[in-house]
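Right, one structure below, let's go through it.
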Amino acid sequence: MALESAQIKSLFDRIYNSTKAEEVQISFSGGERAGTRFARNTFTANLVENDHLLTITLRIGKRQATTNTNKTDDEGLKQAIKDCEERARLTPENPEVRPIVKGPQNYLPVQASFKSTADFGPKERAEFCKQSIDICERKGLLGAGYLPRFDWVDAVGNSAGLFGYYHYTGVNYILTVRTPDGLGSGHARDNGIRKVEELDIVRLTNRACDKAEASHKPQMIEPGKYTVILEPVAAARYVSSLLGVFDARSAEEGRSFMSIPGKKGETRLGQKIFSDKVTIRQDPTHPKLLSNPIGNEGLPIQKMSWIENGVVKNLSYDRFWAAKQGKEPSGGTSGIIMDGGTATIEDMIKATKRGLLVTNFWYIRPVDPMKVLSTGLTRDGLFLIENGKITKPLMNFRWNDSPVITLSNVMMLGIPERAQLFEQFEDTGTALIPPIMSEEFTMSSVAPGI
Amino acid sequence: MAEMRELAEIALNTAKKAGASYADIRITRNIDQTIQARDNIVTGGRDSETYGFGIRTIVNGTWGFASSPDVTPEEIKRIALLSVDVGRASSLSKKEDVKLTPVEAYVDKWSSPMKIDPFKVPLQEKYDLLLAINERLRKQPNIIRAQSNFNFIYEWKYFASTEGSFIEQEIRRIFRGYSAIANVNGVVKTRNYFVEPKCAGYEIVDAKDMLDNTERVAAEAVAHAKAKRVQPGRYDLILKPSHAVLTVHEIVAHATELDRIVGYEANYAGTSFVTLDKIGKLKYGSKLFNVTADRTLPGGLATVGYDDDGVKAQKWPLIRDGILVGVQTNRETAHYIGEKESRGCTFANHWRNFPFLRMPNVTVEPNMASNAPTPDDIIADTKDGILIDGTGSFSIDQQRYNGQFGGDAFWEVKNGKITGHLADVTYQLITTDFWGNLDAVAGPKYWESYGLGGDAKGQPIQTNYPTHGASWMRIRNQNVGGAQL
């Protein structure tokens with residue numbers, strides 16, 4: 001059971017009262033993470049993990065140290081604080097340390113916890129997964145799925161009166177379906193679902209099964225540049241590699257794509273780099289997201305745009321760099337939304353003379369961060385589109401390209417869906433991302449793995 | 001340890017009484033110290049300590065698991081019962097019972113070797129070393145940023161199972177390194193100092209070596225920023241051991257995890273191009289390609305006394321003379337290949353996590369022939385090649401068959417001589433073609449091992465720490481440069 005706000009405040013007060021440090025900053029992350037996993041249509045793991053972690057930063061002048069502990073008893077806390085104080089005294093002064101953020105801070109209101117999800121236990125998860133498995137079995141397919149459930153608290157506080165508490169419940173469903181001969185694979189997922197009643201396991205399973213069947217016995221075509229329709233699962237993973245470029249300090253120090261080569265201190269802020277169809281913003285209060293409104297060091301997450309109609313609108317400043325450059329600190333990102341259009345995937349397919357429908361991307365890694373050049377692979381269903389119709393399943397490709405280029409070449413955007421930005425299965429990273437149709441995407445080589 | 005045994009027996013007895021046919025408990029204390037320095041500032045790092053336990057059960061032939069940070073008799077009973085309930089719920093959709101191969105019972109204590117406890121080395125000494133490294137790096141022309149770090153990891157683990165095992169282990173791991181970022185006329189490149197992370201104490205930290213290499217690392221960062229771009233084409237690749245670590249990890253070690261082969265990981269990291277019928281037959285590489293799985297490798301990051309099923313650590317062949325002869329197994333998967341015993345590959349990276357199959361140390365054997373080439377011989381014998389040091393970009397398909405790798409530094413080799421640095425080198429490969437074109441392996445004198453701290457697998461994701469060793473190798477005729485815009 002997740003700790004309530006008053007319990008966390010009381011814990012924080014005990015820590016403030018146990019140390020002589022001039023400034024204290026604390027974060028708490030804990031609760032219950034449960035999950036049911038299956039593969040080959042049979043359960044492989046069913047688990048309930050209880051854990052919590054306190055991160056305590058103590059400052060003595062310009063010296064500071066941080067400790068992590070899961071001890072909350074008096075003796076355990078006392079020892080952790082004592083060790084941290086000693087480390088703080090030994091650590092050289094850090095001129096970039098800023099005074100802690102004064103409280104209270106006003107956070108965007110987000111109600112993200114729901115009893116129905118908190119009560120979604122091992123038996124209920126098993127029943128949901130069994131529904132999914134039964135569909136796969138009836139179709140003669142092999143399902144591998146994961147259904148995690150979170151009942152979790154992230155809280156921050158400091159000795160300057162700041163306190164923020166975010167309790168969320170969430171479920172995800174991630175499913176890969178393969179044909180028994182290994183020659184077809186499909187995928188579907190939904191994540192960051194706050195109310196378990198919204199989990200539509202039948203729809204997701206049918207989608208993954210349909211993809212597996214449609215992708216069976218893929219055929220090879222030559223690598224090259226193609227018009228692509230990236231479904232939201234793929235689009236989210238791809239767009240996430242762009243988010244790191246908004247760091248102001250690396251841009252202004254000449255170390256990032258946002259730097260202007262040869263012009264020290266100048267950045268691409270304010271430049272139109274992307275298609276005017278592209279707007280990427282953040283809003284943790286969006287009813288489909290209900291993300292954490294508390295940012296770095298307890299700063300409130302603001303509703304803001306990073307890219308607006310193709311123009312870089314903001315860069316992200318940490319507190320030290322903001323003070324140095326005379327800017328406001330950003331607090332970080334949460335609740336990412338890429339605005340879309342009204343086109344459906346079917347509309348995009350009809351509008352494609354020759355192109356590729358991409359279900360999923362896999363193993364995206366940076367190749368050249370200065371150009372935001374990344375590499376990755378297609379996965380779980382790649383289809384050739386000719387004259388407005390899907391004509392055949394294709395062997396996967398490895399690609400090398402940059403979201404800067406892809407989002408400059410946008411032809412159409414669809415209706416945004418909930419998707420996961422990162423290669424992980426936790427609750428964070430849920431975003432609203434549309435299907436993206438873009439031209440001249442570089443498929444570098446055939447990847448025969450299915 | 002009597003107290004631990006008592007707590008363990010509460011867990012095992014509670015689980016058995018509640019209907020479990022198997023149960024185990026891991027109580028672990030995980031201590032971690034990281035220190036990071038950037039330029040002349042100690043920027044971060046922290047001390048971390050967590051303590052807790054996890055209980056696995058098999059009920060009605062299916063797994064259950066539950067964990068808690070509250071190590072008390074009452075909580076252990078509660079969690080044992082919860083683990084049984086969870087397992088019972090799993091049996092709703094059971095195709096077949098979990099089949100565990102037999103294991104002997106062990107009552108034992110094992111500890112990774114250590115001469116100097118890194119947690120007792122004064123912080124000041126560590127700070128001074130990192131800041132001194134950074135200062136030397138920043139003194140070099142065109143270096144705009146220097147970063148250095150330490151990471152010390154300690155795990156104390158008490159494992160007990162209904163098989164009768166009560167095993168206490170201590171595992172220590174040390175990571176250290178630094179990097180220099182160069183900016184030459186707007187071209188920004190990073191160069192890293194690579195050194196073997198190990199299961200050991202602070203005695204392996206060679207401060208002199210770290211400091212002595214700063215000038216080289218900085219110079220090579222600058223050289224990389226000034227280097228000409230590689231022309232796309234086909235080249236022979238000469239891999240230093242510091243580069244081979246990732247290639248071996250991604251397209252040999254991962255591909256031979258048996259749980260992946262039979263489909264357990266299809267939903268995340270994928271399956272494998274290796275299938276059960278290929279074991280004993282598949283030509284994985286040339287006759288020079290010999291690979292061994294080894295949880296007993298001295299200093300190996302995955303070296304233990306026993307795995308998290310209580311199976312004793314061992315060493316076994318994966319590839320011999322280029323042919324796939326073995327795979328990685330644990331108690332749950334060994335039956336898929338008809339083996340009667342586990343190879344000991346179960347691991348969880350934290351008390352709160354569910355243990356499952358993770359790779360051990362996986363190493364490429366050096367060339368033991370009396371006429372094995374030296375690195376200089378390999379270079380002298382290469383007409384049109386690229387020498388690669390360190391790790392860089394990496395991306396592999398979901399069956400470990402198509403891969404793309406970069407590196408940390410590259411040199412052009414023309415007509416047997418190194419002619420200069422190259423930039424923007426990536427190569428794309430198909431696994432069996434790649435290793436099939438292995439035509440030179442240096443001897444044991446040039447064999448080195450490197451380790452990884454971020455091997456991710458499973459849902460939820462867990463990390464793992466394997467070591468991968470190799471000698472210098474040459475791979476003929478590979479596709480280079482396809483990643484350029």
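What FRET efficiency comes out for A:S29 versus A:E198 if R0 is 22 angstrom and r is the Cβ-Cβ distance? Round to the nearest 0.05. The value I calculate is 0.35. If I take all pairs of Cα atoms in the stretch B:58-107, what percentage of them are more than 13 Å from each other? Percent of Cα pairs beyond 13 Å in the stretch B:58-107: 62.
I'd like the distance between the alpha-carbon centres of the stretch A:346-403 and the stretch A:255-287, rounded to an integer number of Å. Cα centroid of the stretch A:346-403 versus Cα centroid of the stretch A:255-287: 24 Å apart.
If we sort B:210-220, A:270-280 on the protection proxy, mean other Cβ atoms within 10 Å, highest first, what's the order? Before the final figure, lay out the partial values.
On the way: B:210-220: 18.8, A:270-280: 17.1.
The peptides rank, most packed first, as B:210-220, A:270-280.
Calculated [222 nm] ellipticity per residue, helices only, for chain B: -6000 deg cm²/dmol; basis is -39500 (n - 2.57) per DSSP H run with n ≥ 4, divided by all residues, nearest 500.
Would you work out the relative contact order for the stretch A:241-325, in percent, from Cα pairs under 8 angstrom that are 6 or more residues apart? List each step's numbers first, then the result.
Details: 127 pairs, mean separation 25.6, N = 85.
About 30 percent, as a whole number.
On the basis of the beta-carbon distance and an R0 of 60 Å, B:N13 and A:E96 show a calculated FRET efficiency of 0.65. Backbone phi angles across the stretch A:167-178, fed through the Karplus curve with coefficients 6.51, -1.76 and 1.60 (θ = phi - 60°), yield HN-Hα couplings of 10, 10, 10, x, 10, 10, 9, 10, 9, 10, 10, 10 Hz in residue order; Gly and Pro are listed as x.
Please state the relative contact order of the stretch B:179-331 as a whole percent: Cα pairs under 8 Å, 6+ residues apart?
On the way: 183 pairs, mean separation 30.5, N = 153.
Across the stretch B:179-331, relative contact order equals 20 percent.
For chain A, the 222 nm mean residue ellipticity estimated from helices alone, with every DSSP H stretch of n ≥ 4 adding -39500 (n - 2.57) and the total spread over all residues, rounds to -6500 deg cm²/dmol. The mean of 1/r over all distinct Cα pairs in the stretch B:1-40, once inverted, gives the Kirkwood hydrodynamic radius of 13.2 Å.
Distances longer than 18 Å among the Cα atoms of the stretch B:257-387: what percent of all pairs is that?
Numbers: 5250 of 8515 pairs.
Tail of the P(r) past 18 Å holds 62 percent of the pairs.
For a label point 7 Å from the Cα of B:D321 along Cα→C-beta, name the residues of the stretch B:285-314 whose backbone N is under 20 Å from it. Those under the cut-off are B:285-293. In a Debye calculation with equal point scatterers on the alpha-carbon sites of chain A and no solvent, what is log10 I(q)/I(0) at q = 0.11, 0.13 Å⁻¹? Values returned for q = 0.11, 0.13 Å⁻¹ are -0.96, -1.23. Close amide-amide hydrogen proximity is noted between B:G52 and B:T28, each under 5 Å apart and 5 or more residues distant or on a separate chain (H modeled in the peptide plane; Pro and chain starts excluded). Fully extending the segment from B:Q231 to B:A207 would add 4.8 nm, taking 0.36 nm per residue of separation and subtracting the current Cα-Cα distance.
Each of B:K281, B:K414, B:K240 has some number of other Cβ atoms within 10 Å of its Cβ, and from fewest to most they run B:K281, B:K414, B:K240. Counting only alpha carbon atoms, the long axis of helix A:74-90 and the longest principal axis of chain A meet at about 90°. From most to least packed by mean Cβ count within 10 Å, the peptides B:293-305, A:371-383 give A:371-383, B:293-305. Here each label is just a point 7 Å from Cα along the line to Cβ, and for A:R89 and A:K272 those points are 6.1 nm apart.
With the simple spin-label model, which puts each label point 7 Å out from Cα in the Cβ direction, the A:I260 to B:Q314 separation comes to 6.6 nm. Evaluated over the Cα positions of the stretch B:143-227, the convex hull gives a direction-averaged projected area, one quarter of its surface, of 7.8 nm². Taken over the stretch A:339-450, the percentage of Cα pairs per 5 Å bin, counting from 0 up to the bin with the maximum distance, is 2, 11, 17, 24, 24, 15, 5, 1. Each of A:Y226, B:Y264 was scored by other Cβ atoms within 10 Å of its Cβ. Listed from fewest to most, they are A:Y226, B:Y264.
The angle between the Cα long axis of helix B:2-17 and the main principal axis of chain B comes to about 70°, on a 0 to 90 degree scale.
Looking only at other chains, what is the average number of their beta-carbon atoms within 10 angstrom of each beta-carbon in A:359-365? Could you put the intermediate results ahead of the total?
On the way: counts 0, 1, 0, 7, 11, 1, 8.
Average neighbour count from other chains, rounded to a whole number: 4.
Taking the alpha carbon gyration tensor of the stretch A:260-350, multiplying each eigenvalue by 5 and rooting it gives semi-axes of 28, 21, 7 Å, largest first.
Annotation for B:V71 and B:K139: the two label points, set 7 Å from Cα along the Cα-Cβ direction, are 4.7 nm apart. Taking a point 7 Å from the Cα of A:E386 along the Cα-to-Cβ direction, the residues of the stretch A:220-236 with backbone N closer than 20 Å to it are A:220-229. Give me D for the stretch B:345-485 in µm² s⁻¹, whole number, from Stokes-Einstein with Rh from the Kirkwood sum over alpha-carbon pairs, 25 °C and 0.890 mPa s. Here the translational diffusion coefficient equals 144 µm²/s.
The value of relative contact order for the stretch A:328-450, using C-alpha pairs under 8 Å at least six residues apart, is 29 percent.
As a test of understanding, state the convex hull volume per residue of the stretch B:38-165 from its alpha carbons, in Å³.
On the way: hull volume 27.8 nm³, N = 128.
Convex hull volume per residue, Cα atoms: 217 Å³.
If you rank A:C129, A:C136 by fewest surrounding Cβ atoms within 10 Å, what's the result?
A:C136, A:C129
Once the gyration tensor of the Cα atoms in chain B is diagonalised, the equivalent ellipsoid follows with semi-axes of 41, 28, 18 Å, ordered largest first.
Counting Cβ atoms of other protein chains within 10 Å of each residue's Cβ and taking the mean over peptide A:272-282 gives 0.
Applying the Kirkwood pairwise sum to the alpha-carbon positions of the stretch B:161-318 produces a hydrodynamic radius of 19.9 angstrom.
What number in nm² do you get for the stretch A:275-418 if you take the convex hull of its Cα atoms and divide its surface by four?
Numbers: hull surface 41.2 nm².
For the Cα atoms of the stretch A:275-418, the hull's average projected area reads 10.3 nm².
Partner shielding of B:33-44 amounts to 3, given as the average count of beta-carbon atoms from other chains within 10 Å of each residue beta-carbon. When +1 charges are put on Lys and Arg Cβ atoms and -1 charges on Asp and Glu Cβ atoms, the dipole computed for the protein assembly as shown relative to its Cα centre reaches about 1500 debye. Could you tell me whether the protein assembly as shown comes out rounded, prolate or oblate from its Cα gyration tensor? Rule is a ≥ b ≥ c as square roots of the eigenvalues, rounded for a/c under 1.5, then prolate if a/b exceeds b/c, otherwise oblate. It comes out rounded by the Cα gyration axes.
Rounded, prolate or oblate: which one fits the stretch A:10-63, using the alpha carbon gyration tensor with axes a ≥ b ≥ c (rounded when a/c is under 1.5, else prolate when a/b beats b/c, else oblate)? Prolate, because a/c is 1.5 or more and a/b exceeds b/c. Sort the stretch A:126-277 into rounded, prolate or oblate with this rule: let a ≥ b ≥ c be the square roots of the eigenvalues of the Cα gyration tensor; rounded if a/c is under 1.5, and if a/c is not under 1.5, prolate when a/b is larger than b/c, oblate otherwise. Oblate shape, in that a/c is at least 1.5 and b/c is the bigger or equal ratio. Estimated at 0.36 nm per residue, the fully extended path between B:Q36 and B:T419 surpasses their Cα-Cα distance by 134.3 nm. Only Cα sites of the stretch B:95-176 enter the Debye sum here, all with the same form factor; the resulting log10 I(q)/I(0) across q = 0.19, 0.27 1/Å is -0.94, -1.23, listed in q order. Quick one: helix B:214-226 against the long Cα principal axis of chain B, what's the angle to the nearest 10°, folded into 0 to 90? Value to nearest ten degrees: 70.
Equivalent-ellipsoid semi-axes for the stretch A:21-100 (Cα gyration tensor, √(5λ), whole Å, largest first): 37, 15, 10. Protection proxy ranking for B:446-455, A:231-240, using the average of other Cβ atoms within 10 Å per residue and placing the highest first: A:231-240, B:446-455.
Each reported figure results from applying straightforward, stated rules to the coordinates on display, with no laboratory input. Since this is a predicted model, take the numbers as computed values, not measurements. Counting neighbours? That spans all protein chains shown, and the Cβs are built from the backbone with ideal geometry, glycine included.
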